[in-house]
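Please read the structure below before turning to the comments.
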Amino acid sequence: MSEVRVVSEKRIIAVVLVLAAFILAGLGWQQLQWSLEAVDRQDKEPIEVVIPPAASTSDVAEILKGHDLIRDKSVFVIYCRLRGVDQKLKAGTYGFSKSQSVQDLVDDLVKGRVITQVFTVPEGYDLAQIGQLLAEKGICGYDEYKQALTGEYNYSFMKDIQARDNRLEGFLFPDTYQVPRGITAREVVDMMLARFDQVWKTRFESSARQQGRTVYEVVTLASLVEKEAKIDEERPIIAGVLENRLRKGMLLQVDATVLYGLGQHKQQVTYEDLKVDSPYNTYRYPGLPPGPIASPGAASIEAVLNPARHDYYYYVYVGDGRHYFSRTYEEHLQAKNSHR
């Protein structure tokens, strides 16, 4: 009898233990599922989170927990390891929310879905204006940007550019850019140079080579066209005027180059301005200025490589974005007097 009772008790204990294991396993699974779910499905308010470079998975878990975006740091780490993404979480600035599950968060981190900013650099902006734009947009600081302009960048078109503070003038291509939050000024400058390199090589390099012209010469002249032309249809005509004057050895007399030498942006050039002794003063020095005075767009570069063929040597602004073109100085003076 006693042996039967002992066996029965052992069986009962075994059953209890099995049931307990099942219960604990169930509770553990529920706990795990709960830890993987979103902290608050209804809370979609964006939370800016910075993941620094070289952060480990544990570091990332700590940061997310600190922002109350996950429930359990250990579960997050284990989840990443089981998915095989332990070393694939990307640094950057993210816009997470409490409505995201651990899977959602990890997907964003692996794919690097960082917060992005968009900025547009208009045609005709010079280096100073671009720097001011970047600072106003919060992309990078102006001083950091100025420092980035002095860095070394590996592009073939730069081999002809002489070393000086404004050597990148004209080569930060005007376009719309989408960049991640936290991008450095050097990365922004490099991105804009890369865009110029792409446009130049795919659209203009072959034509320039056939004409025996350097990228520096083309972009310098295109920057003058960019500053002078107001409407696209006049770009080739103005490029033709400048070509005619260069061919004849005439002074270019472009107001925008004078202002660039003065470091000013204003509507009208005075007679005092024209007296400034600057290599950018095309009223005093013949030929092209030492380099570009702004970033020309593709249309102005195209106009320089394919200028209109005519015998105009002068033009005067007549309003509504248009110019009056003249063949002789006398005709030019009459046009100026009639459009004052």
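Is it fair to say residue 125 is touching a Pro at 6+ places or on another chain (Cβ under 7 Å), surrounded by 15 or more Cβ atoms within 10 Å (Cβ to Cβ) and under 14 Å from residue 189 (Cβ atoms)? Talk me through it step by step, then tell me what you get.
Numbers: touching a Pro at 6+ places or on another chain (Cβ under 7 Å): yes; surrounded by 15 or more Cβ atoms within 10 Å (Cβ to Cβ): yes; under 14 Å from residue 189 (Cβ atoms): yes.
Yes; evaluated as a whole, the condition is true for this residue.
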**OP:** Could you list, in sequence order, all residues of the stretch 101-111 that are open to solvent by less than 30 Å² (accessible area, probe 1.4 Å) and in contact (Cβ under 8 Å) with a residue 60 or more places away in the chain?
**Re:** 101, 102
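So, of the residues in the stretch 207-239 that are farther than 18 Å from residue 123 by Cβ, under 26 Å from the mean Cα position of the chain (by Cα) and among the hydroxyl-bearing types (Ser, Thr, Tyr), which turns out to be surrounded by the most Cβ atoms within 10 Å (Cβ to Cβ)? Walk me through it before giving the result.
Our first condition is that a residue be farther than 18 Å from residue 123 by Cβ; within the stretch 207-239, this holds for 207-214, 216-217.
Now restrict to residues that are under 26 Å from the mean Cα position of the chain (by Cα): 214, 216-217.
This time we only want the ones that are among the hydroxyl-bearing types (Ser, Thr, Tyr), so: 214, 216.
Working: 214: 14, 216: 21.
It comes out as 216.
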**OP:** Can you give me the number of residues within the stretch 165-185 that are in contact with a Gly (Cβ under 8 Å, 6 or more places away or on another chain) and at pLDDT below 95?
**Re:** 5
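Answer with yes or no whether residue 165 is surrounded by fewer than 16 Cβ atoms within 10 Å (Cβ to Cβ), more than 14 Å from the chain's Cα centre (by Cα) and outside any loop (DSSP other than H, G, I, E, B).
On the way: surrounded by fewer than 16 Cβ atoms within 10 Å (Cβ to Cβ): yes; more than 14 Å from the chain's Cα centre (by Cα): yes; outside any loop (DSSP other than H, G, I, E, B): no.
No; evaluated as a whole, the condition is false for this residue.
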Original post:
Can you tell me which of 324, 317, 312, 285 is more than 15 Å from residue 123 (Cα to Cα), open to solvent by 60 Å² or more (accessible area, probe 1.4 Å) and touching a helix residue (DSSP H, G or I) at 6+ places or on another chain (Cβ under 7 Å)?
Top reply: 324
Original post:
Within the stretch 258-282, can you find the residues that are open to solvent by 70 Å² or more (accessible area, probe 1.4 Å) and either touching a Phe, Trp or Tyr at 6+ places or on another chain (Cβ under 8 Å) or part of a loop (DSSP other than H, G, I, E, B) (or both)?
Top reply: 264, 265, 266, 267, 268, 271, 272, 277, 279
Original post:
Pairs, please: C-beta under 6 Å, at least 6 apart or cross-chain, first residue farther than 10 Å from residue 197 by Cβ and open to solvent by 80 Å² or more (accessible area, probe 1.4 Å) and in the stretch 143-157, second modelled with pLDDT of 95 or more and not polar (S, T, N, Q)?
Top reply: 144/185
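The values are calculated or read from the model by the stated rules, or taken from the named source; none is laboratory data. Quick caveat: nothing in here was measured; it's all calculated off a predicted structure. Every residue, glycine as well, gets a Cβ built from its backbone with ideal geometry; the counts of neighbours run over all protein chains shown. What goes into the accessible areas is simple: the full protein's heavy atoms, side chains included, and nothing from ligands, DNA or RNA. Shrake-Rupley method; radii C 1.70, N 1.55, O 1.52, S 1.80 Å.
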